[in-house]
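Inspection log for the structure reproduced underneath, given as structure tokens.
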Amino acid sequence: QVGKSDVMAGSVTSSSKERPASRTSFIPELQSMMFALGDTRRPLYETAALVEDIVHTQLINMLHQACEGASLRGSRVISAEDILFLMRRDKKKLARVLKYLQFRDYKSKLLKNLEEEDVQQEPGGLAAGGNQRRQRLAQDFLAWMDQTGEFLSLAEKQEVDPVKQERMERLERHTRNMDPAQYAEFCESRQLSFAKKASKFRDWLDCSSLELKPNSIATEILSYLAYETVAQIVDLSLLVKQEMTVKNNPVSHVISASYIHYNTHTESSPATVEPPSGAIQPCHIREAIRRYNYRHTVGTHAYRRSGMAFLTC
């Protein structure tokens with residue numbers, strides 16, 4: 001008998017066989033991103049293709065639900081508010097998006113100052129009085145939606161993100177044995193993002209076919225969530241890969257399986273495992289997604305209507 005989680009895992013892997021030949025592809029970029037996130041220097045093409053299908057499916061589902069929300073509030077476009085509303089149930093990931101918007105505002109102000117050759121020299125000059133358009137938009141919406149103040153407090157917290165910290169520590173260990181050429185390639189791969197290829201990203205999502213289209217800030221958030229989804233897939237797959245590698249050790253096998261299935265603080269678990277050598281295989285990803293879906297079948301979420309729980313929110 002096939003379990004429900006197996007069906008859900010299969011639902012995200014079948015699309016690779018149905019991929020239209022004309023569809024815009026991010027597979028080369030994804031291979032570089034996966035290398036920068038802990039995979040081998042030459043990630044497998046079929047693995048990157050599977051990752052692309054999962055991320056694409058997730059974002060399309062999110063876009064359709066955001067479109068419904070935008071229509072209900074009478075908007076002519078999908079905006080940041082519609083995506084933030086979908087993410088309201090996971091405060092940790094919502095906090096990361098708010099931090100990303102802060103970073104984008106700061107970067108925009110910095111680039112504007114450099115272009116105008118009017119960089120302020122006073123300490124803290126750039127941060128003070130900077131263009132905070134994205135932050136204000138998000139905060140105004142959260143204030144409207146927030147009844148307890150818990151959402152607004154997320155943007156003010158200056159805590160170290162344990163998931164990002166553990167991921168960085170794992171990558172630092174990953175680079176220790178690289179030669180100069182490998183490290184240079186790794187650094188170059190670290191610069192890749194969906195946001196740097198905005199036009200291609202919109203084509204990839206087929207935004208032109210949507211009844212309501214995402215505006216610029218919503219597209220920025222979607223590009224950020226796309227990269228974070230890739231990172232989480234790699235994290236989870238490395239954990240599965242580690243378990244499969246040491247499966248001859250019964251104790252390690254049981255601990256690892258229990259951790260990824262039942263641990264309530266699941267976001268930080270993948271980054272704590274040192275990945276073995278060898279490229280991530282499609283079977284690692286399928287098993288990671290199956291387990292992720294298994295964990296998230298407990299309870300229902302208003303934003304999950306497809307057969308697979310959102311990795312991004």
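The values are calculated or read from the model by the stated rules, or taken from the named source; none is laboratory data. This structure is a prediction, so every number in the text was calculated from the model and none was measured. Because the Cβ atoms are built from the backbone with ideal geometry, glycine has one as well, and the counts that use them run over all protein chains shown. Note: accessible area is taken over every heavy atom of the protein model, side chains too, but ligands, DNA and RNA are not part of it. Shrake-Rupley method; radii C 1.70, N 1.55, O 1.52, S 1.80 Å.
Observations on the model:
- Value of Rg to Rh for region 32-81 (Rh from inverse mean 1/r over Cα pairs, i.e. Kirkwood): 1.24
- Computed label-point distance, nm, for sites ARG42 and SER108 using a 7 Å Cα→Cβ extension: 4.2 nm
- Structure note, pairs LYS91/LYS197; LYS164/LYS241; LYS112/LYS197: Cα-Cα distances above 24 angstrom occur for LYS91/LYS197.
- Computed FRET value (nearest 0.05) for ARG295 with ILE60, which takes r as the C-beta separation and R₀ as 22 Å: 0.45
- Under a 5 Å amide H cut-off, with hydrogens placed 1.01 Å from N, ILE78 pairs with LYS213, ASN215 among residues at least 5 apart or on other chains.
- Carbon + sulfur, % of accessible area of region 162-218 - ligands and nucleic acids excluded, 1.4 Å: 49 percent
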